[in-house]
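*Asks:* What follows is a single structure, and I will ask about it in a moment.
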Amino acid sequence: QVQLVESGGGLVQPGGSLRLSCAASKSIDSFSLMGWYRQAPGKQRDLVATISSGGSTNYADSVTGRFTISRDSAKNTMYLHMNTLKPEDTAVYYCNARYIIGPISNSDWGQGTQVTDSS
């Protein structure tokens, strides 16, 4: 099982920026896909952005142009650079990693980090 630890969340003013980090307990090169998801109170967990082992990225429409997902294999860390934050971005942000063990596709989650955009 992969351990994923998010950090970098906090309180930020509208229009501000944050960088979230997701540190993995093993090589992120072994993951077929990594991603950031978020869950606001009372709502479902939604996709924010993903990055494949080959470096291909995908973003939710709501964050395209504002957020950037990246990874640093040497540090086993994935990042989410969040710019021009809006109140609607307030949520718990979760790191996810997908990988294959034999015939099984596994997906592990971090504990989440709170991002609060307040006026």
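*Asks:* I'm trying to understand the selection: among the residues of segment 1-16, which are open to solvent by less than 60 Å² (accessible area, probe 1.4 Å), outside any strand (DSSP E or B) and closer than 14 Å to E88 by Cα?
*Replies:* Within segment 1-16, G15, G16 qualify.
*Asks:* Then there's this: D46 - would you say it is open to solvent by 50 Å² or more (accessible area, probe 1.4 Å), at pLDDT below 95, outside any loop (DSSP other than H, G, I, E, B) and out of contact with any Pro (no Cβ under 7 Å at 6 or more places or on another chain)?
*Replies:* Taking the combined requirement at face value, the residue does not satisfy it.
*Asks:* Filtering segment 63-92 down to residues that are touching a residue at least 24 places away in the same chain (Cβ under 8 Å) and in contact with a Phe, Trp or Tyr (Cβ under 6 Å, 6 or more places away or on another chain), which residue is farthest from Q1 (Cα to Cα)?
*Replies:* M82
*Asks:* Still on this structure, please answer the following. If you check R71, R98, R38, R19, which single one turns out to be over 12 Å from the mean Cα position of the chain (by Cα) and in a strand (DSSP E or B)?
*Replies:* From the options R71, R98, R38, R19, the qualifying one is R98.
*Asks:* Kindly list the number of the only condition in (1) of a type outside the set (V, I, T); (2) in contact with a strand residue (DSSP E or B) (Cβ under 8 Å, 6 or more places away or on another chain); (3) under 28 Å from S119 (Cα atoms); (4) open to solvent by 50 Å² or more (accessible area, probe 1.4 Å) that fails for S53.
*Replies:* Every condition holds for S53 apart from (3).
*Asks:* Which residues, taken from segment 1-30, are closer than 18 Å to R66 by Cβ and in contact with a Lys or Arg (Cβ under 7 Å, 6 or more places away or on another chain)?
*Replies:* Of everything in segment 1-30, those that are closer than 18 Å to R66 by Cβ and in contact with a Lys or Arg (Cβ under 7 Å, 6 or more places away or on another chain) turn out to be G8, P14.
*Asks:* Also, I was wondering about something else. Within the group G112, G102, which residue is modelled with pLDDT under 95 and more than 14 Å from I28 (Cβ to Cβ)?
*Replies:* The unique qualifying residue is G102.
*Asks:* Select from segment 51-68 the residues that are part of a strand (DSSP E or B) and in contact with a Ser or Thr (Cβ under 6 Å, 6 or more places away or on another chain) and list them in ascending order.
*Replies:* Scanning segment 51-68 gives I51, N58.
The values are calculated or read from the model by the stated rules, or taken from the named source; none is laboratory data. Predicted, not measured: the structure shown is a model, and the values here were computed from it. Please note: Cβ atoms are built from the backbone with ideal geometry, for glycine as well, and neighbour counts cover all protein chains shown. Just the protein is used for accessible areas: all its heavy atoms, side chains included, with ligands, DNA and RNA removed. Shrake-Rupley method; radii C 1.70, N 1.55, O 1.52, S 1.80 Å.
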